[in-house]
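Read the structure below first, then the notes.
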Amino acid sequence: VEVLHTASNINELIDGILAEHNQDGTHKDTLVTTLKATGAEVTTGTEDAKIVTPKAIADSYINTMKTGWIPYSTVIPTLGTADAPSYPIVFAGVDLTSMLGVGMKVKFTQNSATVFGIITAISFSTNTTVTLYCGTDYSVANTGTYPITNFNYSTQKAPLNFPTNPEKWTVTLTDTTLRRQSNPTTNTLYNVGNLNIVIPIGLWITKCQLTLGWGRYSTGQGECKFALSTSTSSISTTDFNGVVTGCNNATSSATDVRGGYYREKVLSLAAKATYYTLIFTSQDLGNEGFIDLRNDLVPLYIKAICAYL
């Protein structure tokens, strides 16, 4: 069977070949380029049907190694019920517990500003809820008004631009006032001055430094004990307990005893907790006796430093 090609027919065949090929038979760069995945697309996994070249893999690896940040954009998170300085963000309909974990750093853009945080808890039930501690300088705004964009996470200790100053990731209580309880009842707990520190969800290196004091105007034993507790009526843990003690042997002069105190412990909290400073004594200090926190002499400080930093 002979096929008769007209000039028009031949031009159409040539046009069809040249649409995807050069004159020498090679593929045109524009076509191949559109089929190649970029390094960013390899990192995010947002393309299902593109060619992954060694260069794209290398670009993805180099970018992650240079900055420490890995982008994620498949599901945009929304803000749950905030409990500052902790903020739960919710990824609807996906389980990210095999990708995100406690202690990881995150960053994203909201209301044209960069927000940094540390993951302090994560859970999955239909949705993935990631609890962020945003430190002293950052917060998460209403995502209905200000959507989260450019979400990134990192397993590194110090990914690019992440603020690593411990003071930025510390909850602090300080006080410089004399806190005194006169005529204390034996073994009664006193939260003088209502001093307390609120520690969020997470793992916290908790440091406590202060000066205890007691006094009595008659002979006999004396002491002032200290505790840090989640209750003002009972002691929830003995890990922060301290005491300064002594004896007044004089018959007519007063005794005023002071002593420094320091404790450190790692607290693991599944929920936000308020810790109160408590002083008490197991001694009857007699008429005009007292116990106190001598914050006027040496400032009291209690610091909870995020252990994931």
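If you roll a 1.4 angstrom probe over the protein chains with everything in place, what fraction of the accessible area of region 188-281 belongs to carbon and sulfur, to the nearest %?
46
Which residues does a label at Arg263 reach in region 155-191, if reach means a backbone N under 15 Å from a point 7 Å past the Cα toward the Cβ?
Backbone N within reach: 189-191.
Between Asp256 and Asn165, what FRET efficiency comes out of the Förster formula 1/(1 + (r/R0)^6) with R0 = 45 Å and r the beta carbon distance, rounded to 0.05?
Numbers: r = 39 Å, r/R0 = 0.88.
So the FRET efficiency works out to roughly 0.70.
Just the number, please: carbon plus sulfur as a percent of the accessible area of region 104-176, 1.4 Å probe, no ligands or DNA/RNA counted.
Values: 1540 of 3400 Å².
The computed percentage sits at 45.
Taking only C-alpha pairs under 8 Å that are 6+ residues apart, what is the relative contact order of region 118-276 in percent?
23
The values are calculated or read from the model by the stated rules, or taken from the named source; none is laboratory data. Quick caveat, the model's predicted, so the values are computed rather than measured. Quick reminder, even Gly has a Cβ in these numbers, built from the backbone with ideal geometry, and neighbours come from all protein chains shown. Areas reflect the complete protein model, heavy atoms only, side chains present, ligands, DNA and RNA absent. Shrake-Rupley method; radii C 1.70, N 1.55, O 1.52, S 1.80 Å.
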